[in-house]
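Reading through the structure tokens given below for one structure.
Readers should treat all values here as calculations from the given coordinates under stated rules, not as data from a laboratory. Computed from a predicted model, the values in this text were never measured in an experiment. Methodologically, a virtual Cβ is constructed for each residue, glycine included, from the backbone with ideal geometry; neighbour enumeration extends over all protein chains shown.
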Amino acid sequence: MPGMSKRERMKAALTGKPVDRPPVAFWRHWPIDDQDADALARATFDYQRKYDWDFMKDTFPHLLRRGLRRQVGVPRQTDRRSGSCGSSDQVH
């Protein structure tokens, strides 16, 4: 249990197993960037990279299908069942 990865922590927490600490994330509004889908996705991923949360709120899956995925560094395959969508385990 000590030194769990984000993915391990989220999976354990979602299945009621012991965790090294509770998974942590913070979501905020982007009052200027939210007027443009690409800018919103970019701002959200930049925020995730800066603070390295255990997970992030995914509000733009359509952008990942249309090419922004490569620009922000999201791998083609993500395991949504793991509960770690957007974690820095996946975003590089």
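For the pair LEU14 and ASP36, a Förster radius of 22 Å applied to the C-beta separation gives a FRET efficiency near 0.10, rounded to the nearest 0.05. Listed peptides 24-33, 9-18 appear in the order 9-18, 24-33 once ranked by packing, highest mean of other Cβ atoms within 10 Å at the front.
Could you give the nm distance between label points at ARG28 and ASP58, where each point is 7 Å from its Cα heading toward the beta carbon? Between ARG28 and ASP58, the label points sit 2.4 nm apart. Listed by chain and number, the lysines whose C-alpha is less than 18 Å from the C-alpha of LYS17, apart from same-chain residues fewer than 8 away, are LYS6.
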